[in-house]
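**Q** Before I ask anything, here is the structure I am working with.
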Amino acid sequence: MKTIPWFLSLLGVAALSASAQEDTILWKAGSDGYHTFRIPSLLVTAKGSVLAMCEGRKTGAGDHGDVDLVLKRSTDGGRTWSATQIVYEEGGDAPITIGNPCPVEDVSTGTIWLPFCRDNKSVWITSSTDGGVTWARPRDLGTAAVRPDWDWVATGPGIGIQLKGGRLVIPCDHKRALASEKPEWNSHMMFSDDHGATWQMGAPIQAGGNECQVVERRDGSLLVNARMQGHFEGFRGIASSTDSGETWTALGNATALPCPKCQGSLIRYDDATLLFSNPHPPKPFAGKPSSARVDLTVRLSHDDGVTWPVSRLLHAGPSAYSSLGRLPDGTIMCLYEGGEKAYHEGIRLARFGMDWVRGKE
């Protein structure tokens with residue numbers, strides 16, 4: 001893998017504020033032989049390397065087709081980046097969809113585990129022991145990750161987490177076809193207690209959850225934040241678990257977090273703070289938030305997600321999926337879909353500090 005020269009990489013950096021925020025286009029639609037790049041995932045390793053992942057869609061912007069899982073890597077806090085690396089593709093030009101990256105690092109071993117989906121029918125997993133430079137041959141997790149009555153499954157997208165007790169947790173969702181009813185969407189967790197050697201699934205989170213992210217609260221319980229599909233649409237859904245993600249409360253309606261039907265990102269910044277990002281349309285329609293994917297906003301919570309009193313607009317205009325990360329020095333990064341006329345014009349990386357989120361810069 002070749003690293004682009006620092007002086008060429010800097011040409012892609014646009015400083016929105018000299019002291020507060022930088023914004024870099026990591027992937028531009030039509031580059032590197034791909035029509036569109038979508039579905040970002042950002043992982044900061046324990047040693048400080050930054051892995052930016054997404055789907056490289058070869059022939060169009062649609063969710064299905066000839067889609068590869070691609071990666072760029074940074075070793076200087078997201079200031080400069082490697083060239084695009086293919087983590088996994090299958091079938092050459094065959095319309096096989098490889099996507100929905102949701103990596104997690106096992107800090108006790110240093111191994112990065114990367115679950116992803118094949119045609120949204122099966123979950124595969126690869127791993128890296130050198131900080132994302134090279135990857136093991138992927139393997140199909142089979143029935144450990146997919147139930148027989150599901151006709152759709154997705155990991156993340158975004159990132160997984162490692163609990164204080166060592167369990168690796170991957171947020172997922174699935175769709176179950178019902179003969180006499182509308183399909184049933186639910187979020188769920190996939191987890192490993194043996195450092196990624198084997199995986200199992202928790203119970204479905206009822207009801208209507210889709211793409212989701214999860215954090216561990218200060219008291220050891222888990223909080224999931226989900227895109228809603230048929231329930232509470234226009235807002236995020238939240239639920240909690242007291243058994244490390246095996247069972248969950250029913251999803252509640254998070255009216256403090258308006259959201260179109262879209263993925264969002266949730267991370268723990270420090271012991272006292274959670275960060276959340278999602279598109280937040282400014283004008284409601286018929287009393288509900290707009291369905292437009294615009295105005296990506298970063299929010300802050302000091303009470304483990306009960307309230308979100310602080311917010312800051314990150315990208316005005318078309319924007320959609322996002323993935324937050326925190327560098328060892330406290331710098332926040334957000335890898336997100338955004339553009340001027342359409343959110344799939346490119347995948348961008350914003351770097352900013354906590355003072356910027358609070359409006360102090």
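**Q** Measuring from centroid to centroid over Cα atoms, what is the spacing of region 345-361 and region 167-197 in Å?
**A** The two parts, judged by their Cα centres, are 32 Å apart.
**Q** Moving on to the next point. Past the 29 Å Cα-Cα mark, which pairs from Lys121/Lys261; Lys47/Lys261; Lys47/Lys175; Lys164/Lys261?
**A** Pairs exceeding 29 Å: Lys47/Lys261; Lys47/Lys175; Lys164/Lys261.
**Q** If packing is taken as the average number of other Cβ atoms within 10 Å across a peptide's residues, how do 240-246, 260-266 rank, most packed first?
**A** Working: 240-246: 17.7, 260-266: 23.4.
Order by mean packing, descending: 260-266, 240-246.
**Q** Read through the labelled values (1) 1.01; (2) 1.09; (3) 0.93 and report the label of the one computed as Rg/Rh (Cα atoms, Kirkwood Rh) from the structure.
**A** Among (1) 1.01; (2) 1.09; (3) 0.93, the one derived from this structure is (3).
**Q** Right, next: Just to verify a number: FRET efficiency for Asp271 and Asp151, C-beta to C-beta distance, R0 = 41 Å, to 0.05?
**A** Calculated value: 0.50.
**Q** Work out, step by step, the length gained on full extension between Thr307 and Lys341: first 0.36 nm times the residue separation, then minus their alpha carbon distance; give nm to one decimal.
**A** 9.0 nm
**Q** Please get the size of the charge dipole for the chain, origin at its Cα centre, with Cβ charges of +1 on Lys and Arg and -1 on Asp and Glu, quoted in debye to the nearest 20.
**A** 640
**Q** As an exercise, identify the trypsin sites (Lys or Arg not before Pro) in region 296-361 lying in DSSP coil whose Cβ has no more than 10 other Cβ atoms within 10 Å.
**A** On the way: sites: Arg299, Arg312, Arg326, Lys341, Arg348, Arg351, Arg358, Lys360; in loops: Lys341, Arg358, Lys360.
Sparse-neighbourhood loop trypsin sites (Lys or Arg not before Pro): Lys341, Lys360.
**Q** Counting Lys and Arg as +1 and Asp and Glu as -1, what is the net charge of the other residues whose Cβ lies under 13 Å from the Cβ of Asp130?
**A** +1
**Q** Normalised by the residues of the chain, what does the relative contact order come to in percent, with Cα pairs under 8 Å and at least six apart? Could you put the intermediate results ahead of the total?
**A** Working: 1048 pairs, mean separation 47.9, N = 361.
Dividing the mean separation by the residue count of the chain yields 13 percent.
Read the figures in this text as sums done on the coordinates, not as results from a lab. If you're wondering where the values come from, they're calculated on a predicted model, not measured in any experiment. Methodologically, a virtual Cβ is constructed for each residue, glycine included, from the backbone with ideal geometry; neighbour enumeration extends over all protein chains shown.
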